[in-house]
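Heads up: the structure comes next, in structure tokens.
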Amino acid sequence: MKSEIKSEAKIGLIVILTFSFFVWGLNYLKGVNLLSPSNHFYVTYNKIDGLVKSSPVSLDGYQVGLVRDIQYQYDNPGHILVDLNLNSKLRLPKGTKATIKSEMLGNPTIVLVLGPQNAEMLQSGDTLIAENIPGMMDQLSDGLLTDMRNMIHRTDSLIASFEVLVSNGSLDKSFTSIEKTTKELEQISAKLNQSMDKQIPSILNNVESLTAKFSDAGTKINQLDFASLNKTINQLENLSVKLNSPDNSMGLLLNDQSLYLNLSNTAQSANTLLLDLKERPKRYVHFSIFGSKGSK
């Protein structure tokens, strides 16, 4: 009887150990080490973009924990409570953000952004600040896809306008007008070519004649007696020097101020004399038809 009890106790102990090892292994595969101490922090998000339990939590690219639990707040719709299981050695200052980062492939992860280092440290059970980083698909949806939609809309408008042109015959009229304009340009070009063929030879002849005249003028200039010209210039310079010099009569006449003043005074006196003679001629001229009184 005792042997049977011992056997059953051994079997129960083995089952318990096996189940415990299974639970520990399952959590270990998820990244949860039940044997290592950890701290719990909470974050409330408005949306989690596909975040699941056991999603990694990283800091500076290194995994420091994982998502332990996710609960939707049914009494407060639009709020999702996420429980983070972080390494006990990690110290988080107040203002630390838990940011959900969407991945191109796979589930989103949580990235920690530490607050100021001089801030007070958070304790296990405190709440972190929630933040969402738009993923690549969100960026494509907001940026590239929006531009593509606008481009498609513009293309549709362009096609519709083209269909309207085709349907009302405006496009045919435009092509007809273009053909007419092209023909007129061809005719103008042909006339211009004919005119150029006729006028270019005469223009070239005029240019050659003008060039020949310039050549003759250059030859005549080269044939000038520059020695005689220099001699004439020297004589003019000597004449100018003599006129400016008081050593000769002409120079004295031009440069002597007193002579100029005397001539000016003489001219003024002569002018005064002529005016007085005109006004009082009897003062200067005495004549009598019968002779003077004293002559008999």
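Quick note: the coordinates plus some simple rules give every number you see, no bench work behind them. Just so we're clear, the structure is a prediction, and the values are computed from it rather than from any experiment. For neighbour counting, all protein chains shown are included, and Cβ atoms are generated from backbone atoms with ideal geometry for every residue, glycine included.
What FRET efficiency do you get for Ser209 and Val241 if R0 is 45 Å and r is their Cβ-Cβ distance, rounded to the nearest 0.05?
0.45
In what sequence do Tyr42, Tyr72 fall when counting other Cβ within 10 Å, fewest first? Mind dumping the intermediate values first?
Values: Tyr42 17, Tyr72 12.
Taking fewest neighbouring Cβ atoms as first place, the list is Tyr72, Tyr42.
Distant-in-sequence amide contacts of Leu122, defined by a placed amide H-H separation under 5 Å and a gap of 5 or more residues or a different chain, comprise Leu92, Lys94.
What shape does segment 143-223 have by the C-alpha gyration tensor, where a ≥ b ≥ c are the square roots of the eigenvalues, rounded means a/c under 1.5, and otherwise prolate means a/b greater than b/c and oblate the rest?
On the way: a/c = 11.50, a/b = 2.59, b/c = 4.44.
Oblate, since a/c reaches 1.5 and b/c is not below a/b.
The H on the amide N of Ser55, modeled in the peptide plane, is under 5 Å from the matching H of Val67, each at least 5 residues off or on a different chain. Karplus-derived 3J(HN,Hα) values for segment 267-279, using 6.51 cos²θ - 1.76 cosθ + 1.60 with θ = phi - 60°, are 5, 5, 5, 5, 5, 5, 5, 5, 5, 5, 4, 6, 7 Hz; glycine and proline are entered as x.
Derived scalar couplings between HN and Hα for segment 203-215 equal 5, 5, 5, 4, 5, 5, 5, 5, 5, 5, 5, 4, 5 Hz in order, rounded to whole Hz, by the Karplus curve 6.51 cos²θ - 1.76 cosθ + 1.60 (θ = phi - 60°), x for Gly and Pro.
Working note: Karplus 6.51/-1.76/1.60 with θ = phi - 60° gives segment 188-194 the couplings 4, 5, 5, 5, 5, 4, 4 Hz, where Gly and Pro are set to x.
Amide hydrogen proximity for Glu103: with H placed 1.01 Å from N in the peptide plane, the residues at 5 or more positions away or on another chain lying under 5 Å are Thr109. Among Ser174, Ser55, the ranking by other beta carbons within 10 Å of each residue's beta carbon, starting with the fewest, stands as Ser174, Ser55.
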